[in-house]
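What follows draws every value from the coordinates through simple rules; no lab data is involved. Computed from a predicted structure; not experimentally measured. As a convention, Cβ positions derive from the backbone with ideal geometry for all residues, glycine included, and neighbour counts pool all protein chains shown.
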Amino acid sequence: MLDFSHLLTAISLITLLSIGLSAVGSVIAFYQRGGGSFRDFLAYAFPRELVTTWSCYQDIGFILLKQVIRPWVGAPFLLLTSANCAFASYAALTHIFGPRPEGPMSAGLFLVLLIVTILVQDFLRFFSHYLLHRVSAFWDFHKVHHSAQYLTPLTNHRAHLFEEIIQQGVTGLSVGPILALAALVTETSISTNALLGFDAYALIDALCFSMLRHSHIGLSFGPLEHYLMSPKQHHLHHSADPRHYDRNFGFLFSFWDRMRGTILYSNPLEKLTFGIPEAEFRDYDSIVKLHFMPYVKLARRCLSLGRSRRAGNGPAARGLDAPPPADGLGVPPALR
């Protein structure tokens, strides 16, 4: 008999759960829009645009080319994982303060550390996402993701490798030391702490219909959107409507955006178009441009920065982006 037990890892189980929940979420979203016959549901869940929109083919081509490039820049992805940063930090701490016994972790301590770890991970995802929009040089890389004019689950992987390194570095270099310090102080196993919260965060993310964030399925959470970020709210984040620019940066919890003043709540019936302005889209309208145009733009910025510094004036001379004026709500407009 064939043994498939090696396939049943935590990640594969969470992926299967995400697919099942996506089907459930699609049904809920369909009835939020008014419902209809089974044929209407099939037309909603599997629209013709999935196979006729160029953006969908761009997603596929971009991901395939990224897999070719990834081995050449793979070192940061291996070094900056939360687990590796936790082990490295723990080794440094025990070198400084001496070795500690590693006993079992109590259920209460596990629950406390789990909650802290999930909150820290989600805040760091929110904050790094915010920076990708607010720092102009980072936004040139993040525009690769926002240039998608039609959202599918593959769009989740339409993220530039440089952006992925930034996000992984922010999380790994922050969560890793926290986990190492927790293991040292509580005298528990670093292996337990290093993995703490990773699978749990992915599981909670899946329970919030994470696969539908990048899809044509606009699932709203209603009043729960005050606490949890719905797929439809993330659709607003991708909206081409200037009214929706630079809103809903969060992933799991929405209260980070409420605290920052960037929250928008969704309307299940609202129809949205996605993408970036046409003038900017021309720089991201091919698979090759998606990968390499951000580097061209970064080089131009560096050259401009050098000229401004020699001139001794302008925001580039200070090495900072000029702060944009705030709108009537106190929220800076999009750097677009």
Query raised in the report: For Phe253, which sequence-distant residues (separation of 5 or more, or a different chain) have an amide H within less than 5 Å of its own amide H, given hydrogens modelled in the peptide plane?
Result: Met229
Requested in this report: Quote the FRET efficiency, to the nearest 0.05, computed for Trp72 versus Val296 with a Förster distance R0 of 22 Å and r equal to the Cβ-Cβ distance.
Outcome: 0.75
Query raised in the report: Which Cα, out of Leu93, Thr262, Leu252, lies furthest along the positive dipole direction of the chain (beta carbon charges, K/R +1, D/E -1)?
Result: Thr262
Requested in this report: Describe numerically, in nm with one decimal, the distance between label points set 7 Å from Cα along Cα→Cβ at Leu13 and at Leu181.
Outcome: 3.2
Requested in this report: Just report the Cα centroid separation between region 118-177 and region 226-255, whole Å.
Outcome: 14
Report summary line: Interchain or sequence-distant (5+) residues whose placed amide H lies within less than 5 Å of the amide H of Phe274 are Ala240
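Can you tell me the length gained on complete extension of the stretch Ala240 to Tyr31, counting 0.36 nm per residue apart and subtracting the Cα distance?
72.7 nm
Tell me the trypsin sites (Lys or Arg not before Pro) within region 231-278 that lie in a loop according to DSSP and have at most 14 other beta-carbon atoms within 10 Å. Walk me through the numbers before you get to the answer.
On the way: sites: Lys232, Arg243, Arg247, Arg258, Arg260, Lys271; in loops: Arg247, Lys271.
In loop regions of region 231-278 (DSSP not H, G, I, E or B), the sparsely surrounded trypsin sites (Lys or Arg not before Pro) are Lys271.
Once the piece of chain linking Ala88 and His226 is laid out straight, how much longer is it, given 0.36 nm per residue of separation minus the C-alpha distance between them? Walk me through the numbers before you get to the answer.
Working: separation 138, 0.36 × 138 = 49.68 nm, distance 3.77 nm.
Stretched fully, the Ala88-His226 segment lengthens by 45.9 nm.
For each pair in Lys66/Lys143; Lys66/Lys297; Lys232/Lys297; Lys232/Lys289, compute the distance between the two Cα atoms and list the pairs where it is over 24 Å. Show your work: numbers first, answer last.
Values: Lys66/Lys143 16 Å; Lys66/Lys297 19 Å; Lys232/Lys297 31 Å; Lys232/Lys289 29 Å.
Correct reply: Lys232/Lys297; Lys232/Lys289.
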Query - Computed label-point distance, nm, for sites Ala200 and Leu79 using a 7 Å Cα→Cβ extension - result: 3.0
Query raised in the report: Pulled fully out, how much extra length does the chain show between Val112 and Ala43, if you take 0.36 nm times their separation in residues and subtract their Cα-Cα distance?
Result: 20.3 nm
Query raised in the report: For Thr273 and Leu119, what is the calculated FRET efficiency with R₀ set at 30 Å and r taken between the beta-carbons, to the nearest 0.05?
Result: 0.35
